[in-house]
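Data block below; observations after.
The values are calculated or read from the model by the stated rules, or taken from the named source; none is laboratory data. All figures in this text were calculated on a predicted structure; none of them were measured in a lab. With ideal geometry, Cβ positions are generated from the backbone for all residues, glycine too; neighbour counts draw on all protein chains shown.
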Amino acid sequence: MLWSEKKLLFIAMMAMLLLSACDRQVVFEKNQAIPSEGWNYQDKIKFEAEVNDTASLHNLYINIRNTTDYGFSNLYLFLDIEFPDGTALRDTIECLLADRTGQWTGKGFGKIRSNSFLFRTDVWFPEQGNYVFTMEQAMRTQLLEGIADVGLRIERK
């Protein structure tokens, strides 16, 4: 094998190692589609994440896909977290989907934009087990149109 071929093979193997290492940091990620007619104020989106690592710190993200027809620049969410022992807490989260000038944030083209919002850093899960994350839209609109998907991602730091 020539020196340049060995070098290329080494670089390819290192790139694969780095890419696979990045994926290992995602502990949980799931997205749920919102009905095309809109997100009803009473509809709750539930994610159940099995957490086994009680030693590491984690970052929590909310994933939002919206259309450019969405009528607001932000999205308020209520997030309930139920711990394996049954205790629960509630948080209110604001996701900014457009800047002050009205330009949509996030990635995408055409009518769809995707954002991932870091809402908690350095989270320590005190016990192993099933954590239930329940989201509901808090925009005071009975039927919220323009939100295509809502998701949750947990990453190990």
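What the table below lists for this structure:
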read-out: Residue within region 120-131 that is under 20 Å from Ile34 (Cβ atoms) and either touching a residue at least 40 places away in the same chain (Cβ under 8 Å) or touching a Phe, Trp or Tyr at 6+ places or on another chain (Cβ under 6 Å) (or both) present; value: no
read-out: Evaluation of Leu57 against (1) in contact with a Lys or Arg (Cβ under 8 Å, 6 or more places away or on another chain); (2) under 22 Å from Met139 (Cβ atoms); (3) surrounded by 12 or more Cβ atoms within 10 Å (Cβ to Cβ) (one fails), failing number; value: (2)
read-out: Single unsatisfied condition, Arg90 versus (1) under 25 Å from Glu50 (Cβ atoms); (2) surrounded by 15 or more Cβ atoms within 10 Å (Cβ to Cβ); (3) not hydroxyl-bearing (Ser, Thr, Tyr); value: (2)
read-out: Test: Gln32 is loosely packed, with under 15 Cβ neighbours inside 10 Å, within 16 Å of Asn115 (Cβ to Cβ) and modelled with pLDDT of 95 or more; value: yes
read-out: Where a residue in region 23-45 is in contact (Cβ under 8 Å) with a residue 60 or more places away in the chain and at positive phi and its partner, wherever it lies, is assigned to a loop (DSSP other than H, G, I, E, B) and not small (Gly, Ala, Ser), with Cβ under 8 Å and at least six apart; value: Gly38/Glu145
read-out: Only one of Asp69, Asp43 that is closer than 24 Å to Glu145 by Cβ, modelled with pLDDT of 95 or more and either β-branched (Val, Ile, Thr) or exposed (fewer than 11 other Cβ atoms within 10 Å of the Cβ) (or both); value: Asp69
read-out: Complete set of residues in region 109-128 that are surrounded by fewer than 15 Cβ atoms within 10 Å (Cβ to Cβ) and over 23 Å from Lys157 (Cβ atoms); value: Phe109, Gly110, Lys111
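Here is a yes/no grid of residues against (1) at positive phi; (2) at pLDDT 95 or above; (3) touching a His at 6+ places or on another chain (Cβ under 9 Å):
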site: Glu94; (1), (2), (3): no, yes, no
site: Leu97; (1), (2), (3): no, yes, no
site: Gly110; (1), (2), (3): yes, no, no
site: Asn115; (1), (2), (3): no, yes, no
site: Arg120; (1), (2), (3): no, yes, yes
site: Glu127; (1), (2), (3): no, yes, no
